[in-house]
Amino acid sequence: MKQAPTGKPARPRLKVLAASALMLLVAACGDHPPKEDEDDDPAPQPQQAISIVAGSATDAGSTNGSGTAARFDTPTGIAIDAAGNLYVADTGNDSIRKITPAGAVTTLAGAAGSSQYIDGAGDRARFTEPLALAINAGGTLYVTDGMRIRSVASSTGQVATFATIPVGSNVAATSMPAITPKGIAVDARDHVLVTNGLSTRRIAAGFTSMLEGPEVAQDLMGTRNPEARGVAADANNNVYVFDLQRRISRTNNAQIGAVNVLNLLAGAANGRGAVNGTGTAASFEEVVALTVDPQGNVYAADAVNNLVRRITPAGVVTTVAGTARAGTLQPGNLPGSLAAIRGITTDGKGNLYATSGNAVIKIRLPQ
């Protein structure tokens, strides 16, 4: 009887092991491409560059609420605090409104439909068409209100009268709009900057100094309806203003409180238009509000044009949002379209907030 050759019995065992390994591999991988993880979250929707924070592009009202459920009536001045709360001078409602970072709108001070000058707290205070608005590091708001500058505590809504713009002799009632303050800013030293149709003034510790124009206007006759002129201050206490010659100018001697010299940044003297360019090659229509970011870029709310313009520290002007002379707010990608623009502020983190139509909007700048 022949002996079976050695090593033969090992071959079936190897085949069995190989088959088992193959079956395990198939079981692990399946006989089709692996499925995507069902627990993966869907990709987030891209953010709109222009979006409505609160209010409506068209509908006016005085409703408190969240986001687009809230209503404003001709919102004008706007400012932001360190916590991201927005404050709005709701001109048509004679009140100051607050918007939290979550979009909840409340009335901080004043009452819709009640136009008076009354100091007090919250809804016991009264305003008469508040326009421009600024906030200092301590949370005090400064608001232009007729001939008065009102202060509002952002924590309590307590309203007081900070200053009154003086009126000279022989001034016709029809000329009063030229004296009425329509632009305001506050620097890190709590110096308050105020513009009207005739001047730009600094109010510091109860004393007034002039950046341009007379402190007290005399002998004004005829009908005068000058536009608002934006003003802002940077972290170094330099002041930027849409000056009386319709240019963006700035002070370069911020350490001097009593005397300031305005120097041209951009814009053609007494020009009108929407031309981008450097220095005097650029033109603006009505710069009703200004804000400055930490890098020294100035952003201008250019009314009538309904544009947001950027002016670099070198005086280079570009348009970042809006279509010239368009009048409809359309959220979406830049440059988009804006309704009447009246106020602007920056959070210093690449976002602008503006009042446009009857809404407060956010403009997310390209990175």
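Taking a spot 7 Å from the Cα of residue 333 along the direction of its beta carbon, which residues of the stretch 284-323 have an amide N less than 20 Å from it? In the stretch 284-323, the label zone of residue 333 (backbone N under 20 Å from the point 7 Å along Cα→Cβ) covers 308, 319-323. What the Cβ-Cβ distance of residue 188 and residue 269 gives, at R0 = 25 Å and to the nearest 0.05, is a FRET efficiency of 0.25. If only the Cβ of Lys and Arg carry +1 and only the Cβ of Asp and Glu carry -1, the dipole of the chain around its Cα centre is close to 1140 debye.
Close Lys pairs in the chain, defined as Cα atoms under 28 Å apart and 8 or more places apart or on different chains, number 7.
The helix-based estimate of mean residue ellipticity at 222 nm for the chain, built from -39,500 (n - 2.57) per DSSP H run of four or more residues and divided by its residue count, is -2000 deg cm²/dmol to the nearest 500.
Could you give the semi-axes, largest first, of the ellipsoid that matches the stretch 167-245, computed as the square roots of 5 times the alpha carbon gyration tensor eigenvalues and rounded to whole Å?
Whole-Å semi-axes of the equivalent ellipsoid: 24, 13, 9.
Computed over protein heavy atoms with a 1.4 angstrom probe, the accessible surface ordering of 190, 243, 73, largest first, is 190, 73, 243.
When Rg and Dmax are taken over the Cα atoms of the stretch 281-351, they come to 11.5, 32 Å.
To the nearest whole percent, what portion of all C-alpha pairs in the stretch 312-367 is separated by more than 18 angstrom? Value for the stretch 312-367: 32 percent of Cα pairs lie more than 18 Å apart. Computed with every protein chain present, the accessible area of residue 119 is close to 80 Å² [probe 1.4 Å]. Note on residue 114 and residue 164: the model spin-label points, each 7 Å out from Cα along the C-beta direction, lie 2.2 nm apart. For the chain, modelled as a GNM with alpha-carbon contacts under 10 angstrom, which of 301, 54, 178 fluctuates the most? Its mean-square fluctuation being the largest, the pick is 178.
Taking all protein chains together, 124, 250 sort by accessible area into 124, 250, largest first [probe 1.4 Å]. For residue 162, the solvent-accessible surface with a 1.4 Å probe is about 80 Å², rounded to the nearest 10.
Under 5 Å from the amide H of residue 53 lie the amide H atoms of 360, 361, 362, each residue being 5 or more positions distant or on a separate chain, with H modelled from the backbone and absent for Pro and chain starts. The base-10 log of I(q)/I(0) for the stretch 192-332, evaluated at q = 0.22 Å⁻¹, reads -1.37 [Debye formula, identical scatterers on Cα atoms, solvent excluded]. Kirkwood analysis of the chain, using all unique Cα-Cα pairs, places the hydrodynamic radius at 22.6 Å.
Per-residue accessible area (protein heavy atoms, 1.4 Å probe) orders 286, 215 as 215, 286, starting from the largest. Principal-axis analysis of the Cα atoms of the chain puts helix 10-29 at an angle of about 20° to the longest axis. In sequence order, the stretch 261-273 has phi-based couplings of 10, 8, 10, 4, 10, 6, x, 8, 4, 6, x, 9, x Hz under the Karplus curve 6.51 cos²θ - 1.76 cosθ + 1.60, θ = phi - 60°, and Gly or Pro positions carry x.
The values are calculated or read from the model by the stated rules, or taken from the named source; none is laboratory data. Since this is a predicted model, take the numbers as computed values, not measurements. Cβ: placed from backbone, ideal geometry, glycine included. Neighbour counts: every protein chain shown. What goes into the accessible areas is simple: the full protein's heavy atoms, side chains included, and nothing from ligands, DNA or RNA. Shrake-Rupley method; radii C 1.70, N 1.55, O 1.52, S 1.80 Å.
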